[in-house]
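Here's the structure we're looking at; comments come further down.
None of the figures in this text is laboratory data; all of them are computed from the coordinates on show. The model shown is predicted, which means the values in this text are computed figures rather than measured ones. Please note: Cβ atoms are built from the backbone with ideal geometry, for glycine as well, and neighbour counts cover all protein chains shown.
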Amino acid sequence: MSESTPPKTANAYQSLKPILRFITPYKRNVILALFFLVFTAAISLSLGQGVKMVIDSGFISGSVEQLTQTILMLIGMIFLLAFGTFFRFYLMSWIGERVSADIRTAVFNQIIKLHPSYFEENRSGELMSRLTTDTALLQSIIGSSFSMALRSLFMLLGGLIMLLVTNLKLSMIVILCVPLVLLPMMFFGRRVRDLASSSQDAIADIGTYAGEIIQNIKVVQSYTHEPREQAAFGGEVEKAFEVAKKRIKQRSFLFAAVILLTFAAISVMLWVGGMDVLSGAMTGGELGAFIFYAIMVAMSVATVAEVYGELQRAAGSATRLLELLALESDIQSPNSPQQLPPTSQAAINLQSVNFNYPSRPDIPALNDINLTINHGETVALVGPSGAGKTTLFELLQRFYDPQSGTVMVNDTAIEQLTLEDLRHVMGMVPQHPVLFSSDVRHNIGYGNPKASELEIEDAAKRAHAHEFIMELPNGYSSFLGEQGVRLSGGQKQRIAIARAILKDPNILLLDEATSALDAQSEYHVQAALNELMTDRTTIIIAHRLATVIHADKIVVMDGGRIVDIGNHQSLLESSPLYQRLCELQFEQAKTPASE
């Protein structure tokens, strides 16, 4: 996605700076981690002086006692270094994992509140990539690479100071070489960052493609397109690999340049220092300490260079995540919501409603809709596909807001209600039931998470689902697989109906609720629905007119408009479209109507 690519001129630090707000709640752990980081850096720097003492006071002096003392002192310093390293590593890793978990939670909480039209324009694989790959990269940066970078910076600065203290002349050689090492970091680092963002997008493309194929595996296999999909997926993987290859090439150049320049400088320094030892201008211990500090500085510079590359990658991830966290849903609860009145004459009232889907702004989905539905009424919406029936349901639940007009529930405009209050009074049974990758109990209980085991079973019985549930291997604890793949269409529908029954809503929205049932199951479930619809407002979408013949009111829709309203008999006389629909389904409708 183009929106996820960070501006090339943006600074990596500025991109990562907003992430600090996720770190600030853990100041105590950060302070402790920094303390042990400085502690280990100081011990590491002290080791150079230990090396000097071992050489000058131990080896060169020829004293066994002094050698033993200096070695024991060196061992003690190493012990302290190991002690500090444990706490430094543990605390920094803990912070990385904790912050990563917080960011992942914040991103998920943001995604789940976004308006549905956002998901029409953005791919699920891209969002999953942000939740997993991007946050994992930030965890690595905060918990590991950031610690390495700070420690290396301390070691670099401390090492340079100790070099100056040990030998000024050799130190100048090292200091003059440092800018030469930093130049390739700046040059290649910028390229690495841009390629890292492209690499993350390519990985998201792979996830999206694979997820879609796996989700629709039966269709793929039915059309024997396995070889074709394998080739297409391989193409996506190769695209990602090509981008990754360019990125690692730039990082390899970065590492190679840093190592070449760094150790070339050390070699020059060794030659100059060796000449000074031979001339007696400095001791062997001083040269040994200086070499120790020089190598330490070189390793620190190399580590900073490596982390700099990771930092550039993380900057791209941070930008993508922050873009998502900064989004605001188009559908939100008002700042000063009204209380939903318990009842009114009109349960639902639509006044001059016009609506176009954001993804299809030039095609009206609903056009000048005026409709009043009283409490306790059963209203059927009929018409050909694309008439606007399902769109009406989506506006009632405020998944979208109309471009003009008003939607009211209990004489209150729905945009004046909290989303929770509005959707709490509605229960939806979709044409294609959605089940979660969990057990039966969870899927039914989703209608009311506080429901008891007995209430869940009662809802299943009323939906005529209890019998087949008890035949499953583990009854209500049976795992249903992804999207309920282990159930038949009719069984899925009955689970969805049981969920709606358990919610016990004031307004029922039934979108072809019995379409996937066989004749016997449809009869029993329809009886359960008739019981459930008593004293409730019910809106039914149905292409099978047999299910709506006895509705209090039938609304005929076509092309996003309401073309007629009446009961079955009156519409047979007044509506040519309804007459045509009845003629097409007469034989199918006649039998259920007579039962």
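Here each label is just a point 7 Å from Cα along the line to Cβ, and for D401 and Q332 those points are 1.0 nm apart. Full extension of the segment from T105 to R28, taken as 0.36 nm per residue of separation minus the current Cα-Cα distance, would add 25.5 nm. Among S252, S336, S575, S46, what is the fewest-to-most ranking by other Cβ atoms within 10 Å? With the sparsest Cβ surroundings first, the list reads S336, S252, S46, S575. Between the amide H of Q338 and those of L417, T418, distances stay under 5 Å, these residues lying 5 or more places away or on another chain, with hydrogens modeled in the peptide plane. In this structure the amide hydrogen of N448, modeled in the peptide plane, comes within under 5 Å of no amide hydrogen from residues 5 or more places off or on another chain. Across the range 419-434, rounded Karplus estimates of 3J(HN,Hα) from the backbone phi angles (6.51 cos²θ - 1.76 cosθ + 1.60, θ = phi - 60°) give 4, 5, 5, 5, 6, 5, 8, 10, x, 10, 10, x, 5, 10, x, 9 Hz, Gly and Pro being marked x. Multiplying the residue separation of I214 and L260 by 0.36 nm and subtracting their alpha-carbon distance yields 11.8 nm. Close amide H contacts of L381 (hydrogens built in the peptide plane, cut-off under 5 Å, sequence separation of 5 or more or a different chain): I540, I541, A542, V555.
In order along the range 559-575, the phi-based Karplus estimate (6.51 cos²θ - 1.76 cosθ + 1.60, θ = phi - 60°) of 3J(HN,Hα) comes to x, x, 10, 8, 9, 6, 9, x, 9, 4, 5, 5, 6, 4, 8, 10, 10 Hz; Gly and Pro are listed as x.
Going 7 Å from the Cα of I206 along its beta-carbon direction, which residues of the range 229-250 have the amide nitrogen within less than 16 Å of the resulting point? Hits in the range 229-250 for I206 at 16 Å: 230-249. Neighbour counts of other Cβ atoms within 10 Å put T537, T406 in the fewest-to-most order T406, T537. Cross-link reach is defined here as a Cα-Cα straight distance under 20 Å, omitting same-chain residues fewer than 8 places apart; for K17 the aspartates and glutamates meeting it are E3, E97, D102, D134, D194, E306, E310, E323.
Extension gain for F436 to T372 (0.36 nm times residue separation, less C-alpha to C-alpha distance): 19.6 nm. Ordering V243, V301 by the number of other Cβ atoms within 10 Å of each residue's own Cβ, fewest first, gives V243, V301. Note on D458 and E97: with the Förster distance fixed at 35 Å, the Cβ-Cβ geometry gives a FRET efficiency of about 0.20. Computed 3J(HN,Hα) for the range 390-400, one whole-Hz value per residue from the Karplus formula 6.51 cos²θ - 1.76 cosθ + 1.60 where θ = phi - 60°, is 5, 4, 4, 4, 5, 6, 4, 8, 6, 6, 9, glycine and proline marked x.
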